[in-house]
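Before any comments, here is the structure.
The values are calculated or read from the model by the stated rules, or taken from the named source; none is laboratory data. These numbers were taken from a predicted model, which means no experiment stands behind them. Neighbour counts are summed over all protein chains in view; Cβ atoms, including those assigned to glycine, are modelled from backbone coordinates with ideal geometry.
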Amino acid sequence: MKIFESELKVMEMLWARGDLTAGQLAKLLSESTGWNRNTTYTVIKKLVEKGAVERREPGFLCHVLITREEVCRSEADDLIDRLFSGSPELLLTACLSGRKLNPEEIARLRALVDALE
C-alpha cells in the first residue's frame, strides 16, 4: 500500500498517540504543520478509502489498521523495485558504499545476514 507524505503525517500521529478523533488530529496537525481542518479531513478520508485507517463512532474516532513496520516494508520493497531492479544487494551497496562502519555496525549487519540464511 502506497502511503504518501501527507498521509504519513496522519499515520505518525496515530501511531504515536493511539486513536484520536478527526478534530483532535486537525488540531494537532494545525499546530505541527499549519494544515487547516479541511486538509486533515481530506487526508483522513483518503486513508480510510485505502484501508489504512478505520473511522469509528462516536465522534469520528480514527484507528490505524496497519503498522508502521508494514508501511516501512512496503515502501522499502517499492524503492528496491523502482531504483534497484528488485535487488536488495544493490540497495545495500548504494547505502553503504563510501561509508565507514564501526565494528558494532558491521557485527549487527553480519548477524542480520546470518539470520536471513
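Residue by residue through segment 72-95, note down the ones that are over 23 Å from Lys9 (Cα atoms) and in contact (Cβ under 8 Å) with a residue 12 or more places away in the chain.
Leu91
Select, from Val10, Val64, Val53, Val43, the only residue that is touching a helix residue (DSSP H, G or I) at 6+ places or on another chain (Cβ under 7 Å), closer than 30 Å to Leu116 by Cβ and of a type in the set (Val, Ile, Thr). Outline the logic, then answer.
On the way: Val10 fails: closer than 30 Å to Leu116 by Cβ; Val53 fails: closer than 30 Å to Leu116 by Cβ; Val43 fails: closer than 30 Å to Leu116 by Cβ.
So the residue among Val10, Val64, Val53, Val43 that is touching a helix residue (DSSP H, G or I) at 6+ places or on another chain (Cβ under 7 Å), closer than 30 Å to Leu116 by Cβ and of a type in the set (Val, Ile, Thr) is Val64.
Out of contact with any Pro (no Cβ under 8 Å at 6 or more places or on another chain), closer than 30 Å to Leu90 by Cα and of a type in the set (Lys, Arg): does that describe Arg73? Break it down stepwise before answering.
Details: out of contact with any Pro (no Cβ under 8 Å at 6 or more places or on another chain): yes; closer than 30 Å to Leu90 by Cα: yes; of a type in the set (Lys, Arg): yes.
Considered against the rule, which asks whether it is out of contact with any Pro (no Cβ under 8 Å at 6 or more places or on another chain), closer than 30 Å to Leu90 by Cα and of a type in the set (Lys, Arg), Arg73 comes out as yes.
Would you check if Met1 is surrounded by 11 or more Cβ atoms within 10 Å (Cβ to Cβ) and without any contact (Cβ under 8 Å) to a residue 24 or more places away in the chain?
Working: surrounded by 11 or more Cβ atoms within 10 Å (Cβ to Cβ): yes; without any contact (Cβ under 8 Å) to a residue 24 or more places away in the chain: no.
Spelling it out, it is not the case that Met1 is surrounded by 11 or more Cβ atoms within 10 Å (Cβ to Cβ) and without any contact (Cβ under 8 Å) to a residue 24 or more places away in the chain.
Just a yes or no: is a residue in segment 50-57 under 17 Å from Leu20 (Cα atoms), touching a residue at least 60 places away in the same chain (Cβ under 8 Å) and touching a strand residue (DSSP E or B) at 6+ places or on another chain (Cβ under 9 Å)? Let's see the steps before the verdict.
Of segment 50-57, the ones under 17 Å from Leu20 (Cα atoms) are 51-57.
Then drop every residue that is not touching a residue at least 60 places away in the same chain (Cβ under 8 Å), which leaves none.
No: segment 50-57 contains no residue that is under 17 Å from Leu20 (Cα atoms), touching a residue at least 60 places away in the same chain (Cβ under 8 Å) and touching a strand residue (DSSP E or B) at 6+ places or on another chain (Cβ under 9 Å).
Does Leu96 satisfy the condition of being in contact with a Leu (Cβ under 9 Å, 6 or more places away or on another chain) and modelled with pLDDT under 90? Can you show your working first?
Details: in contact with a Leu (Cβ under 9 Å, 6 or more places away or on another chain): yes; modelled with pLDDT under 90: yes.
Taking the combined requirement at face value, the residue satisfies it.
Name the single residue, out of those in segment 1-19 being aliphatic (A, V, I, L, M) and part of a loop (DSSP other than H, G, I, E, B), that is nearest to the chain's Cα centre (by Cα).
Applying the filter and picking the extreme gives Ile3.
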